[in-house]
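Throughout, read-outs are computed from the coordinates displayed, never taken from laboratory work. Bear in mind that the values here come from a model prediction, so they are computed numbers and not experimental data. Every residue, glycine among them, receives a Cβ derived from its backbone with ideal geometry; neighbour counts consider all protein chains shown.
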Amino acid sequence: MKDKNVIFSLCLVLTVLAILVSRIQHEPKKSEFFNRHPKNILYSEKALCSMKCFHIGNEEIELVMKRGIINYRGSEMNYKPCPELLLQGVISGNRTLQILFIQCNDSTTVLNCEVKRSSLHCPCF
């Protein structure tokens, strides 16, 4: 009788564990906060000035947008109605580019961009 209780308890515990593991594996993944494929990309005057100064093209902006990492310290995700996000990535010449984006609905605006550790002085700032 005792052996049957142990076997029953063991089967019950294994069943519960199997259900828990199954639910954890099938949870939906969190979607990323930043839309990396917006319909529209706009540029502020300051961003255009910085791009000209640091010799940055639209392709490099889009590269960082698609593959860059979000710098949460420099981002203001609680700004209402549109959060500001700072992304950074490595571009041509092994330069690190930081870009400040603001996203509203389907539109993304580049507010500013800066090449880190650059010797260039830009009058845009």
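To the nearest 10 degrees, how steeply does helix 2-25 sit against the main Cα axis of the chain, on a 0 to 90 scale? Approximately 20 degrees, to the nearest ten.
Taking the longest Cα principal axis of the chain as reference, the axis of helix 58-67 is set at about 20 degrees.
Relative to the dominant Cα principal axis of the chain, helix 45-54 is inclined by about 80°. Per residue of the chain, the DSSP helices (runs of n ≥ 4 H) give a summed -39500 (n - 2.57) that works out to -11500 deg cm²/dmol at 222 nm. Each Lys and Arg adds +1 at its Cβ and each Asp and Glu adds -1 at its Cβ; summed about the Cα centre, segment 40-115 shows a dipole of about 160 debye. Only one residue of Cys11, Asn40, Ser22 has its Cα farthest out toward the positive end of the dipole of the chain, where Lys and Arg carry +1 and Asp and Glu -1 on Cβ, and that residue is Cys11.
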